[in-house]
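Colleague: Dumping the structure here so I can ask a few things about it.
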Amino acid sequence: MTAFDTEDDILPRAGVIGWPVDHSRSPKLHGFWLAQYGLSGRYDKLPVPPEDVGAFLEALPKEPGFRGVNVTLPNKVAVLPYLAEIDPVAKRIGAVNTIVVREDGSLHGSNTDAFGFLASLRADAPKIWRAANGPAVVVGAGGASRAIIVALLDAGTPELRLTNRSRDKAEALAAEFGSRLQVVDWEERAASLAGTNLLVNTTSLGMGGQPPLDLPLDDLPVTALVNDIVYTPLETGLLAAARARGNPVVDGLGMLLHQGRPGFEAWFGVAPEVTMELRAAVLA
Ligand code: ATR
């Protein structure tokens, strides 16, 4: 802060720390909301390599106007030691994506990916899927999968079938998250779809430039909801195949948009909405 700054000149600020951070869509998301609600504030891309995360977070409370940050790859785990408090969901996921600077300058960390995932299914497929009504299949056992597993278990999924190319990673998650999680061998993934009411792809397969997800859907009940966390393209091969056989589908953009809501509200004081205009602006 310079001698010429007054309290009134200090805009509320937030941003996203990642490395690289150029690809992040969060500035578009939060920028759209700031404009929509006529708020003066800013949200920036903040390139921070993992080795600089500690120094960045120690300086953050002293930065004029800074209310907090989103955290993206590869920093979601690296931030943990620097937070005064971590909410229980983030602890279970083992990663933080949203940090709020509290009144006393201490840092609070949460993970809004599980919330974003459930909010997106509820908003984009209202009344179609209820967690308690059947088993779910989750493909993949990386960071995104952890958030979705926590979301589904908390929502009341009675049985979660987890399949991953490297079986050991799925086994580790089953050991951590308990008996409702059943590991399915990668070779058995197609057969595991029988009798389920939800299929989620949490891998990067199907993303532009990546191989497609090879998963025949013949055994999937036609009433089951199909979700892909990939949103480039919006209609992945998995979603196109599911739609063609009559399954309801939800694309991956909703999770990205809904996960941003709690942070925006904490930093800028308005609970934002997810609209078609927002979807178009973030995709552009
Ligand atoms: P994220 O944090 O985004 O979930 P990640 O931790 O790198 O990313 O996890 C990527 C997931 O996609 C993993 O489940 C990975 O499977 P492995 O554990 O076997 O690596 C899965 N994945 C990536 N490429 C794959 C491929 N070609 N075939 C099958 N699974 C793949």
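Colleague: Restricting things to Cα coordinates, could you compute the convex hull volume per residue of the stretch 88-224 in Å³?
Modeller: Dividing the Cα hull volume of the stretch 88-224 by its residue count gives 133 Å³.
Colleague: When the convex hull of the Cα atoms of the stretch 1-119 is projected onto a plane and the area is averaged over all directions, what value comes out in nm²?
Modeller: Quarter of the Cα hull surface area: 8.2 nm².
Colleague: For the chain, with a Gaussian network of springs between Cα atoms less than 10 Å apart, report the residue from Ala224, Ala240, Ala59 with the top mean-square fluctuation.
Modeller: Residue with maximal mean-square fluctuation among Ala224, Ala240, Ala59: Ala59.
Colleague: Continuing with the same structure: For the chain, calculate the relative contact order in percent as a whole number, restricting contacts to Cα pairs under 8 Å that are 6 or more residues apart.
Modeller: 16 percent
Colleague: With N denoting the number of residues in the stretch 146-248, provide Rg(C-alpha) divided by 2.2 N^0.38 Å, to two decimal places.
Modeller: Working it through for the stretch 146-248, the quotient is 1.04.
Colleague: Starting from the Cα of Lys127, draw a straight line to each of the aspartates and glutamates and keep only those under 17 Å, dropping any in the same chain fewer than 8 residues away.
Modeller: Excluding near neighbours in sequence, the set is Asp251.
Colleague: If you average the C-alpha positions of the stretch 211-234 and of the stretch 153-200 separately, how far apart do those two centres end up, in angstrom?
Modeller: If you average the Cα positions of each part, the centres end up 15 Å apart.
Colleague: I'm checking a number: the convex hull volume of the Cα atoms of the stretch 105-145, normalised per residue, in Å³. What is it?
Modeller: Hull volume over Cα atoms, normalised by residue count, gives 114 Å³.
Colleague: Also: What order, most packed first, do the peptides 43-55, 195-207, 13-25 have when packing is the mean number of other Cβ atoms within 10 Å of each residue?
Modeller: 195-207, 13-25, 43-55
Colleague: If amide hydrogens are placed 1.01 Å from N in the peptide plane, which non-local residues have theirs closer than 5 Å to the one on Thr98?
Modeller: Val71, Ser110, Thr112
Colleague: Further, regarding this structure: Quick one: what Rg and Dmax do you get for the chain from the alpha carbons, in Å?
Modeller: 19.7, 68
Colleague: Let me ask you something else. If you add up the charges near Phe32, with Lys and Arg at +1 and Asp and Glu at -1, over every other residue whose beta carbon is less than 14 angstrom from its beta carbon, what do you get?
Modeller: That sum, taken over residues with Cβ under 14 Å, equals +3.
Colleague: Sticking with this one: Taking the stretch 39-99 on its own, what percent of its Cα-Cα pair distances exceed 16 Å?
Modeller: Roughly 44 percent, rounded to a whole number.
Colleague: Something else now. Let me know the Rg and Dmax you get for the stretch 80-120 when you use only its Cα atoms, in Å.
Modeller: Cα only, the stretch 80-120: 10.6, 33 Å (Rg, Dmax).
Colleague: Suppose every Lys and Arg Cβ carries +1 and every Asp and Glu Cβ carries -1, with no other charges. What dipole size does the chain come out with about its Cα centre, to the nearest 20 debye?
Modeller: With only Lys, Arg, Asp and Glu charged at Cβ, the dipole is about 600 debye.
Colleague: Given a 10 angstrom Cα cut-off, can you work out which residue in His108, His30, His258 is the most mobile in a GNM of the chain?
Modeller: Taking springs between Cα atoms under 10 Å, the residue moving most is His108.
Colleague: Over 16 Å apart: what share of the alpha carbon pairs of the stretch 115-175 falls there, rounded to a whole percent?
Modeller: Counting every Cα pair in the stretch 115-175, those more than 16 Å apart make up 44 percent.
Colleague: Going Cα to Cα from Lys76, which lysines come in below 27 Å? Please leave out same-chain ones fewer than 8 positions away.
Modeller: Lys28, Lys45, Lys62, Lys91, Lys169
Colleague: Each residue of the stretch 220-236 in order: what ³J(HN,Hα) in whole Hz does its phi give by Karplus 6.51 cos²θ - 1.76 cosθ + 1.60, θ = phi - 60°, with x for Gly and Pro?
Modeller: Running phi through 6.51 cos²θ - 1.76 cosθ + 1.60 with θ = phi - 60° gives 7, x, 6, 8, 5, 7, 10, 10, 10, 7, 5, 10, 10, x, 5, 9, 6 Hz.
Every read-out reported here was derived from the displayed coordinates using simple, explicitly stated rules and does not represent laboratory data. Here the structure is a predicted model, which means the values were calculated and not measured. FYI the Cβ positions are ideal-geometry reconstructions off the backbone, even for glycines, and counts take in every protein chain you see.
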